[in-house]
1. Going through 244, 267 one at a time, which residue ends up being over 29 Å from residue 161 (Cα atoms) and without any contact (Cβ under 8 Å) to a residue 24 or more places away in the chain?
2. Restricting attention to the range 226-240, and to residues there that are part of a strand (DSSP E or B) and touching a residue at least 12 places away in the same chain (Cβ under 8 Å), which single residue is nearest to residue 261 (Cα to Cα)?
3. Just one of 195, 223 is under 23 Å from residue 142 (Cα atoms) and either assigned by TED's automatic domain parsing to the domain that holds residue 327 or in contact (Cβ under 8 Å) with a residue 40 or more places away in the chain (or both); which is it?
4. Just one of (1) modelled with pLDDT of 95 or more; (2) surrounded by fewer than 23 Cβ atoms within 10 Å (Cβ to Cβ) trips up residue 184, so point out which.
5. Do we find a residue being modelled with pLDDT of 95 or more, assigned to a strand (DSSP E or B) and closer than 18 Å to residue 249 by Cβ anywhere in the range 326-349?
6. Just one of (1) without any contact (Cβ under 8 Å) to a residue 12 or more places away in the chain; (2) in contact with a strand residue (DSSP E or B) (Cβ under 6 Å, 6 or more places away or on another chain) trips up residue 148, so point out which.
7. Being surrounded by fewer than 21 Cβ atoms within 10 Å (Cβ to Cβ), in contact with a strand residue (DSSP E or B) (Cβ under 9 Å, 6 or more places away or on another chain) and not in a helix (DSSP H, G or I) narrows it down to one of 307, 316, 271, so name that one.
8. Let me confirm something: among 15, 29, 50, 81, which residue is modelled with pLDDT under 95 and within 30 Å of residue 126 (Cα to Cα)?
């Protein structure tokens with residue numbers, strides 16, 4: 001019988017990375033400029049391995065190929081087994097990231113060798129004081145102004161900068177221009193894609209003195225210049241049950257994400273339709289299931305198999321839970337039973353695009 005699979009991450013070392021993944025979570029990072037920890041990944045550019053139990057040492061790809069629907073659930077289908085749908089990361093921005101954009105599915109499939117598009121969500125684990133990020137452009141910016149801003153090196157004056165605090169949430173549809181700011185530690189839930197079009201890199205150079213590659217024409221093809229001001233941050237919807245708080249953060253056709261703030265226990269249902277991904281962003285505790293338990297601490301990530309049966313998360317902790325949703329069954333119907341209106345449902349990131 002399958003069990004909660006603890007994942008050993010894949011580390012990436014971009015020029016903007018730092019040491020916070022070690023300092024905050026005790027991760028065995030490869031260098032002092034480690035910017036990304038691919039916590040749950042099954043992609044050609046990085047695949048997690050199992051760190052516990054009888055499957056220890058096997059890659060997530062191998063386990064998916066062996067267990068298929070039993071691991072990922074009937075909701076996924078054969079396409080989901082061929083290409084795992086999600087990529088879950090921790091991002092340490094010791095310096096600001098480039099201004100970038102990701103394509104949607106259709107454009108990525110056509111221009112990036114069948115790759116997926118990239119819609120994503122950010123949960124801010126920690127923000128240094130006075131930190132900002134880029135979310136879209138200022139109101140009224142035209143495509144020609146955008147092009148000239150890139151070519152003339154004055155793109156910054158066209159960008160929409162947003163103040164960021166610990167606990168903020170941002171839902172980032174594909175085609176939204178963005179940049180993570182210096183001093184942010186972020187949990188990212190995204191489509192399983194590594195396609196990024198770099199628009200502007202603050203005139204930085206790499207260790208060899210060369211500027212990083214830009215992807216201007218592709219970025220011009222896909223960037224949505226619609227007005228986003230005042231719509232950047234996700235409010236979410238919180239449901240209280242005793243000391244336990246479940247906040248629905250995001251829900252779109254690709255993924256859903258919930259923040260579980262647990263003081264004692266949270267009971268989670270799983271019935272063979274979907275897998276769950278648990279990323280522990282604070283505290284410690286245990287995952288208890290019918291055959292045993294797995295302990296965890298801050299910074300650990302687990303994949304909960306679809307056929308494992310119901311489980312409980314115990315401890316004093318904050319966990320980001322993500323999965324591939326049935327919007328009605330997992331989101332709208334349960335929340336309407338709690339008296340949440342259609343208008344309030346739009347506080348969940350991404351749901352406004354569906355309702």
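The values are calculated or read from the model by the stated rules, or taken from the named source; none is laboratory data. Since this is a predicted model, take the numbers as computed values, not measurements. Positions of Cβ are generated from backbone atoms using ideal geometry, with glycine treated the same way; all protein chains shown enter the neighbour counts.
1. Checking each option against the conditions leaves just 244.
2. Among residues in the range 226-240 that are part of a strand (DSSP E or B) and touching a residue at least 12 places away in the same chain (Cβ under 8 Å), the one nearest to residue 261 (Cα to Cα) is 239.
3. Testing whether each residue is under 23 Å from residue 142 (Cα atoms) and either assigned by TED's automatic domain parsing to the domain that holds residue 327 or in contact (Cβ under 8 Å) with a residue 40 or more places away in the chain (or both) leaves just 223.
4. The single condition residue 184 does not satisfy is (2).
5. yes
6. Result: residue 148 fails condition (2) only.
7. 316
8. Answer to the selection: 15.
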